[in-house]
1. Can you put ARG121, ARG418, ARG445 in order of Cβ neighbours within 10 angstrom, beginning with the fewest?
2. Can you classify segment 233-330 as rounded, prolate or oblate using the Cα gyration tensor, where a ≥ b ≥ c are the square roots of its eigenvalues, rounded means a/c under 1.5, and otherwise it's prolate if a/b beats b/c and oblate if not?
3. Along the charge dipole of the chain, pointing to its positive end and built from +1/-1 on Cβ of Lys, Arg, Asp and Glu, which listed residue (GLY50, THR129, GLY336) has its Cα farthest out?
4. Pull out a ≥ b ≥ c, the square roots of the eigenvalues of the alpha-carbon gyration tensor of segment 409-491, then state rounded if a/c is under 1.5, prolate if not and a/b is larger than b/c, and oblate in the remaining case.
5. Please say if the chain is rounded, prolate or oblate, where rounded means a/c under 1.5 for a ≥ b ≥ c the square roots of the C-alpha gyration tensor eigenvalues, and otherwise the choice is prolate for a/b larger than b/c and oblate otherwise?
6. Please get the size of the charge dipole for segment 92-179, origin at its Cα centre, with Cβ charges of +1 on Lys and Arg and -1 on Asp and Glu, quoted in debye to the nearest 20.
7. Among all the aspartates and glutamates, which ones have a C-alpha under 13 Å from LYS36's C-alpha, if same-chain residues fewer than 8 places away are not counted?
8. If you count the DSSP beta bridges with both ends in the chain, what percent of them are antiparallel, to the nearest 5?
Amino acid sequence: MQERDTDLLVVGSGIAGCAAALAGARAGADVTLATKASQPEDSTSYWAQGGVAVSRGDPEAFKQDIIAASDGLADPEAVDVLVSEADEAVRDVFVDTLDVDFDENGEAPDYGREAAHSEARILHVDASTGKHVLAPFLNHLQDHDRVEVLEDTAALDLVTHEGRVHGAMLERDGELVPCYAGATVLATGGIGACYQRSTNPPTSTGDGIAMAALAGADVEDMEYVQFHPTAFAGEDAADQGTFLLSEAVRGEGALLRNGEGERFMPDYHADAELAPRDVVARAVKDERERTGEVTLDVSPLDFAGEFPDLQAECENRGVDPANGIPVAPAEHFLCGGIDVDTEGRASLDRLFAVGECARTGVHGANRLASTSLLEGLVFGLRAGEAAAGFEAERVEAPELLDSDPDLPESFAAEKFVRLRRVMDEFAGIERTPEDLTRAAGVLRRLKGEIDAYTRTRTSRSLYELRGACVSALLVTRAAAENEQSRGCHHIADEEGAAVDAD
């Protein structure tokens, strides 16, 4: 790679990054889209199952559902933007530009319903919506005259000078070069790599959040880490990884049963299986601990016919859905992140953030189902347009050492095991002040060990580890400072058991 100048640098190729790149190009900017991904499957957006929620002409009802699911902590102004622009953004990009064929019921859209939605308003393609919108989006940008896509390219640090962001240091195949940009949009996704069980791909290492925080940008609501209640928990999940059983399955009538065969959700919430995610996740955790397992009973619906991809995935794992699908909570989505306004502007000049790495305020303490693709699309379009029009200025770039061949390959892997054990034990679905104090102490020591390496050498795996560790520290610190149990941040009534996380 060579040093480059660009009007707009977008880091990340999920829906949010693609939307920002498209809007920037439409506004006349020359756009560089840098992504760690080498294929669409490396992005969290690809794995979004349920679909994309729209207002169906009733933005007020949609707004009230979002605020209710957020435990009352969503920012009303940000929610107004989301619900008022939802229908037009989906029609403009997904339908008119990308020609996505959403499922239909006859000649009308087949709107789905998921947990905490008061009505059916979710456009979908089977239960694999993400891949059906992301793949054509990436193809569209690859062919765009104003967009250059750099695959398998990681951003390691921001280039800053006197409070302004001037681009980022990019790495590919061990080469490190600065990319100077008029404006920079971070769309790097979430922090799934901080936890052992996550629905995110391995690339979700918190890079953008860490880079922004280390550069001095404001970060908010990091304590609100959402766990999805129904991730596959079969015998091979530990080796082959988990996969998501979409809330759309429960929306179509699937039931949760404990190890004694009892349906338990009516005892936890009036909306039973369609209660907000944080409620269902804690209930599933409790019932697994009490009775040994929880299964998703799909017998009330035509599972194979309505969810063929999930049926195939179960069969590949040797599970017959007719006998119930074993499930357990898994880390799913970060509701907080880099604090931004309604156009994606962060607190540092010419830095923008969109998607899961951004804290737009629409999710509050808990995200409503099928709003992640929508948030990325709406605010990605807004940020891309707002970030266009700046010219790149060259300043002194950070001195990052060339990749060190002597860095042990096992170093990052071993440290990740330690980090995940800490987060699973001390900063998971339920927390206590004592556990969070333990976690922060271990993570501070871990970050010190990582920093000792980054002062003498550079590698992508090392910087991904740094990103995950910084993000984990931000989660534990925010959780420790927030004494109010709300939504995804649930403070247990009793002190958790002490575990030697070192």
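Every read-out reported here was derived from the displayed coordinates using simple, explicitly stated rules and does not represent laboratory data. Because the structure is a prediction, the values reported are computed rather than measured. Please note: Cβ atoms are built from the backbone with ideal geometry, for glycine as well, and neighbour counts cover all protein chains shown.
1. Arranged by neighbour count, lowest to highest, ARG121, ARG418, ARG445 become ARG445, ARG418, ARG121.
2. It is oblate, given that a/c is not under 1.5 and a/b is not larger than b/c.
3. Positive-end residue among those listed: GLY336.
4. It comes out prolate by the Cα gyration axes.
5. oblate
6. Charge dipole, segment 92-179, about its Cα centre: 360 debye, nearest 20.
7. The reachable aspartates and glutamates, counting only those whose Cα sits under 13 Å from LYS36, are GLU151, ASP152, GLU171, ASP173, ASP207, GLU464.
8. DSSP beta bridges in the chain are roughly 60 percent antiparallel.
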